[in-house]
Amino acid sequence: MDDRLFRDAMGRFATGITIVTAEYEEEVHGMTVNAFMSISLEPKLIAISIDENASMYDKLQETKQFGLSILSEQQKDISMIYAKQKEKDREITFIKRNNIPVLPHSLASFTCHVTDTYKAGDHMIFIAEVQDLELGEQNEDPILYYSGKYHNLQTD
């Protein structure tokens, strides 16, 4: 099967959007990530998958910690900036929790410490223990990604 067919098939799985952030050499770096999942309740573990060509790939292996912010539909532009789909047209503000940068006004944000990494094809899977989390406003809806496009949640 060719790569395009595989990508199209994987795009049929709707996901939420997150921004993974890390401080590296005294600068905050971020990346849009939709390959995120919960792994374990005890201990509280999550996983993210990062392409080996992404600038965040080496930074996370070195820092061993990151923030993860689940985006609301009002944060679509931030997702597009960190996915390199849009030029950065403003300064992005971060807050630090446990000395790790996260985005304010997210649906939820986590600070995490990497416990394991697994090379899987052209990606690295980072398993991380959640050190802290904060829930945002419950009345906001998530931004979704499906079939290569952003979508809003439609509720009945």
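Every number here is computed from the coordinates shown, using simple stated rules; none is lab data. The model shown is predicted, which means the values in this text are computed figures rather than measured ones. With ideal geometry, Cβ positions are generated from the backbone for all residues, glycine too; neighbour counts draw on all protein chains shown.
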Query raised in the report: Looking at (1) within 10 Å of the chain's Cα centre (by Cα); (2) exposed (fewer than 13 other Cβ atoms within 10 Å of the Cβ), can you tell me which one GLU52 breaks?
Result: (1)
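If you go through the range 5-49 one residue at a time, how many are among the acidic types (Asp, Glu), outside any loop (DSSP other than H, G, I, E, B) and surrounded by fewer than 10 Cβ atoms within 10 Å (Cβ to Cβ)?
Filtering the range 5-49 down to residues among the acidic types (Asp, Glu) leaves 8, 23, 25-27, 42.
If we keep only those that are outside any loop (DSSP other than H, G, I, E, B) too, we end up with 8, 23, 27.
Those left that are additionally surrounded by fewer than 10 Cβ atoms within 10 Å (Cβ to Cβ): 27.
Going through the range 5-49 one residue at a time, the tally reaches 1.
Just one of ILE81, ILE100 is surrounded by 13 or more Cβ atoms within 10 Å (Cβ to Cβ), farther than 20 Å from GLY136 by Cα and of a type outside the set (Asp, Glu); which is it?
On the way: ILE100 fails: farther than 20 Å from GLY136 by Cα.
The unique qualifying residue is ILE81.
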Report summary line: Among strands (runs of 3 or more DSSP E) entirely inside the range 82-156, those with 1 or more residues being more than 17 Å from the chain's Cα centre (by Cα) are 108-120, 149-152
